[in-house]
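Visitor: Have a look at this one.
The values are calculated or read from the model by the stated rules, or taken from the named source; none is laboratory data. Because the structure is a prediction, the values reported are computed rather than measured. Glycine also receives a Cβ, built like all others from the backbone with ideal geometry; neighbour counts cover every protein chain displayed.
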Amino acid sequence: MILVGAHTPAAHPLDEAEARGADLVQIFLSNPQGWRKPAPRADAAELKASKIPIYVHAPYLINVCADDNKVRVPSRRILQDTCDAAAEIGAAGVVVHGGHVTGDSPQEEGIIRWRKALDVLDTDVPVLIENTAGGDKAVARRVEWIARLWEEIGEYGVGFVLDTCHSWAGGEPFDELVPRVLEATGRIDLVHANDSKDPFDSRRDRHENLGQGQIPPEELIRVIREAQAPVVVETPGGAVEQAADIEWIRAQL
Ligand SMILES: [Zn+2]
C-alpha cells in the first residue's frame, strides 16, 4: 500500500495529519523564504515518537548551485541547519530543490557544486533532491541532467523526489517518466503529487488540486502507481481540499 499525505502547516503536524486522514506529513521547520535557522521545537520528542512519518521541506531559496557565494554558502549552511533540526524530530527525510546555476558558469558546474555541498554536509537524515519546473541551467529539471547529477553524487546515498507538477511544467512527458528517472537515479524516495495550473513545458510552478489542473488524471496516477513511493500532496486550500486530494489518489489507485 502506498502511503499518502500532505504538506501541512508546521505548528501541529500530527493534528494536521489527522484532519486530512494523512498517512504522513511534510512541513517546513523555518520560513521557506528566509535564511534563519529553524528554532528548537517544544514538541520535538512527541514528533520523534510519533508513528506518522514526517518529511521536512528545506527553504525554497536554497540553491547550492548558485554562482554567487552569498547564496551558495548560506544555502549549504541552512541545509545543514535544517537537517540538524529535522534530526531532532526524527524526520524521515529533508527535501531540497535541485537548484540551478546562475551567472556565467556552465551547467556542469552545478553538479560539481552539489558534490561540494554534500562533502561538507554532516547528517544522518536522508537528503532528498527534488526535480524543479524551471530555471535555466537547472541541474534537476531534465532527466538527462538528473542522470548526470547522479553520476557525480550517487555515491553519497542521496534520495530523489519526483514532483509531478514540476515534471509537467518542466517539459518531461509522463509516459516513460518513472522508468527514465529510475534509470537515472536508481530510486524514487518520495512523490510530490501536484496537478498544474499551467500547460505542459510552461516552466511555471503553480500547483493545483488533483484532477482540476492541466495534467491528465490518468497520467498523474500512472506516475504515482509506477513510482511505488510515499506520496505528498502540496496542493492549494486547507485540510478539506487536501483530504479530498488524498482520497482522490487512494480511490484512483
Ligand atoms: Zn514539490
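Visitor: Considering only residues that are free of Cβ contacts under 8 Å to residues at least 40 places away in the same chain and more than 27 Å from V73 (Cβ to Cβ), look in the range 1-24 and name the one that is nearest to the ligand (Cβ to nearest atom).
Guide: Restricting to residues being free of Cβ contacts under 8 Å to residues at least 40 places away in the same chain and more than 27 Å from V73 (Cβ to Cβ), the top hit is P9.
Visitor: Any residue at all in the range 220-227 that's over 22 Å from L24 (Cα atoms) and surrounded by fewer than 16 Cβ atoms within 10 Å (Cβ to Cβ)?
Guide: no
Visitor: Between I188, I215, which is under 12 Å from H166 (Cα atoms) and surrounded by 20 or more Cβ atoms within 10 Å (Cβ to Cβ)?
Guide: Unique residue meeting the criteria: I215.
Visitor: Another question, if that's okay. Can you work out which of the residues in the range 153-172 that are farther than 18 Å from Q228 by Cα and surrounded by 18 or more Cβ atoms within 10 Å (Cβ to Cβ) is farthest from the ligand (Cβ to nearest atom)?
Guide: To start, the set of residues in the range 153-172 that are farther than 18 Å from Q228 by Cα comprises 153-157, 166, 168-172.
Still in the running and surrounded by 18 or more Cβ atoms within 10 Å (Cβ to Cβ): 153, 166, 168-170, 172.
On the way: I153: 20, H166: 6, W168: 12, A169: 11, G170: 12, E172: 14 Å.
Here the answer is I153.
Visitor: Also, quick follow-up: Just to be sure before I move on: is D122 away from the ligand (no atom under 16 Å from the Cβ) and free of Cβ contacts under 8 Å to residues at least 40 places away in the same chain in the structure I sent?
Guide: no
Visitor: Same structure, new question: Would you be able to say whether some residue in the range 143-150 is β-branched (V, I, T), under 25 Å from A91 (Cα atoms) and within 16 Å of the ligand (Cβ to nearest atom)?
Guide: So far as the range 143-150 goes, yes, one or more of its residues are β-branched (V, I, T), under 25 Å from A91 (Cα atoms) and within 16 Å of the ligand (Cβ to nearest atom).
Visitor: While we're looking at this one, here's another question. Scan the range 59-70 and give yes if some residue there is without any contact (Cβ under 8 Å) to a residue 24 or more places away in the chain and surrounded by fewer than 22 Cβ atoms within 10 Å (Cβ to Cβ), otherwise no.
Guide: yes
Visitor: Would you say L47 is over 14 Å from V96 (Cβ atoms) and under 15 Å from the mean Cα position of the chain (by Cα)? Break it down stepwise before answering.
Guide: On the way: over 14 Å from V96 (Cβ atoms): yes; under 15 Å from the mean Cα position of the chain (by Cα): no.
Answer is no for this residue.
Visitor: May I ask you to list the residues in the range 189-199 that are of a type in the set (A, V, I, L, M, F, W, C) and touching a Gly at 6+ places or on another chain (Cβ under 8 Å)?
Guide: L190
Yes/no per residue for (1) small (G, A, S); (2) touching a helix residue (DSSP H, G or I) at 6+ places or on another chain (Cβ under 9 Å):
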residue	(1), (2)
P53	no, no
V56	no, yes
Y60	no, no
N63	no, yes
N69	no, no
Q80	no, yes
A86	yes, no
V96	no, yes
Q107	no, yes
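Visitor: If a residue counts only when it is closer than 21 Å to I188 by Cα and not hydroxyl-bearing (S, T, Y), which helices (runs of 4 or more DSSP H) contained entirely in the range 42-138 have at least 3 such residues?
Guide: Of the helices (runs of 4 or more DSSP H) lying wholly inside the range 42-138, those with at least 3 residues that are closer than 21 Å to I188 by Cα and not hydroxyl-bearing (S, T, Y) span 69-88, 107-120.
Visitor: Next question, about the same structure. If you take the residues in the range 186-206 that are over 17 Å from I221 (Cα atoms) and under 15 Å from the mean Cα position of the chain (by Cα), which one is farthest from the ligand (Cβ to nearest atom)?
Guide: Restricting to residues being over 17 Å from I221 (Cα atoms) and under 15 Å from the mean Cα position of the chain (by Cα), the top hit is R187.
Visitor: Could I ask something else about it? Among the residues of the range 221-238, count how many are of a type in the set (A, V, I, L, M, F, W, C) and either more than 14 Å from the ligand (Cβ to nearest atom) or at pLDDT below 95 (or both).
Guide: Initial filter on the range 221-238 (of a type in the set (A, V, I, L, M, F, W, C)): 221, 223-224, 227, 229, 231-233.
Narrowing the set further to residues that are either more than 14 Å from the ligand (Cβ to nearest atom) or at pLDDT below 95 (or both) leaves 221.
Within the range 221-238, residues that are of a type in the set (A, V, I, L, M, F, W, C) and either more than 14 Å from the ligand (Cβ to nearest atom) or at pLDDT below 95 (or both) number 1.
Visitor: Can you find a residue that is β-branched (V, I, T) and closer than 30 Å to G135 by Cβ anywhere in the range 31-52?
Guide: Within the range 31-52, not a single residue is β-branched (V, I, T) and closer than 30 Å to G135 by Cβ.
Visitor: Take the residues in the range 1-41 that are assigned to a loop (DSSP other than H, G, I, E, B) and among the charged types (D, E, K, R); name whichever of them is surrounded by the most Cβ atoms within 10 Å (Cβ to Cβ).
Guide: The first filter runs over the range 1-41 and keeps only residues assigned to a loop (DSSP other than H, G, I, E, B), leaving 1-3, 8-12, 21-24, 28-41.
So of that shortlist, the ones also among the charged types (D, E, K, R) come out as 23, 36-37, 41.
Details: D23: 20, R36: 10, K37: 15, R41: 17.
If we take residues in the range 1-41 being assigned to a loop (DSSP other than H, G, I, E, B) and among the charged types (D, E, K, R), then D23 is surrounded by the most Cβ atoms within 10 Å (Cβ to Cβ).
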